[in-house]
Amino acid sequence: MKHLRYFDALARLGHFGRAAEECAISQPALSVQIKEMEDLVGAPLVERTPRQIRLTALGEAFATQVHEILRSVDALEDLVQAARAPFMGQLRLGAIPTVAPYLLPALVAELAQTYPGLDLRPREAITQKLLEDLMDGRLDAAIVALPVSEASLHEMPLFEEEFVLVRPPADAGKPVPAADKLWQMRLLLLEEGHCFREQALAFCKLSAAEAPHNMMEGSSLSTLVQMVGAGIGITLAPEMALGVETRSARIALARLAPPRPSRTIGMIWRRSHPLAGELRAVGEIVRRIGENMRMDSSYLLETGHTGA
């Protein structure tokens, strides 16, 4: 099984360094393990070149079967875990970048108290990557913005949250601009690939193709908020982010004019997952934490808080 998991990682990632990192071993050790596997098989599975690796014809066919074997083994482990009481074992939980920094710390603490035997393995990634990992069995569940509209995944809506206008303190008290005027005010957005970026563009009545080429981008909400605090522009942020971000930057917050943009946060998992009941219980904990965060954010907005 060890050899199969190492080979599966190499086949998926196509790179010894990245595969070794995922498997938590050194690159030379991974190379030795793959060579041992080839010796056991009696034929080469990987073609090594100075710049990249390629699977041989046998390696391609082998990789498909190995992936299915590992999925079956993981399903057996999930089946055994589902029979335990209380919820124990490993839970691989993903979250999108506009949720993970704000919700996961409280969730980790709550789960540790509720399920002492649970080994939570959180992972942050954009939606598309989380979907791929869920489908391939590398994640048990993920917290994302709904809907994802994937037939093989169950969606559990948890709570709604609005997007809030974040602008420099000097703008506090000024009229809130109309949605289609925001992009003219040096709007800062997340990089491409983030669902929150697409939602913000949709609110501003812009398609990705229509977005100005000089629109400033950041890799995280924290980066965008810091830029706003420095007077560089304005941005939008989900309510759950406000409690954290107002502690590190001087910013002014304002609700946007109706109809206000919002998103539905939910948890998704494979419909065939044997731990569906336990995952629903985790979802209820996420729901409670999210609602508490929204209440805290509402207080910041009502009091006109301008950050650090």
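The values are calculated or read from the model by the stated rules, or taken from the named source; none is laboratory data. Keep in mind that what you see is a predicted model, and the values were worked out from it rather than measured. Quick reminder, even Gly has a Cβ in these numbers, built from the backbone with ideal geometry, and neighbours come from all protein chains shown.
The table below gives the values:
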{"quantity": "Selection within the range 166-201 - over 21 Å from SER219 (Cβ atoms) and of a type in the set (A, V, I, L, M, F, W, C)", "calculated": "ALA170, ALA172, VAL176, ALA178, ALA179, MET185"}
{"quantity": "So ALA202, is it of a type in the set (Gly, Ala, Ser), closer than 30 Å to ARG5 by Cβ and surrounded by fewer than 17 Cβ atoms within 10 Å (Cβ to Cβ)", "calculated": "no"}
{"quantity": "Residue in the range 119-139 that is touching a Phe, Trp or Tyr at 6+ places or on another chain (Cβ under 9 Å), touching a residue at least 40 places away in the same chain (Cβ under 8 Å), in the same structural domain as VAL164 (by TED's automatic domain parsing) and surrounded by 13 or more Cβ atoms within 10 Å (Cβ to Cβ) present", "calculated": "yes"}
{"quantity": "Residue count for the range 295-308, restricted to those that are surrounded by 15 or more Cβ atoms within 10 Å (Cβ to Cβ) and either of a type in the set (Ser, Thr, Tyr) or modelled with pLDDT of 85 or more (or both)", "calculated": "2"}
{"quantity": "Residue in the range 74-90 that is at pLDDT 90 or above and either touching a Phe, Trp or Tyr at 6+ places or on another chain (Cβ under 7 Å) or in the same structural domain as ARG121 (by TED's automatic domain parsing) (or both) present", "calculated": "no"}
{"quantity": "Some residue of the range 35-50 being touching a helix residue (DSSP H, G or I) at 6+ places or on another chain (Cβ under 7 Å) and in a helix (DSSP H, G or I)", "calculated": "yes"}
{"quantity": "Among (1) under 18 Å from ILE234 (Cα atoms); (2) among the basic types (Lys, Arg); (3) surrounded by fewer than 16 Cβ atoms within 10 Å (Cβ to Cβ) - the single one ARG186 does not satisfy", "calculated": "(3)"}
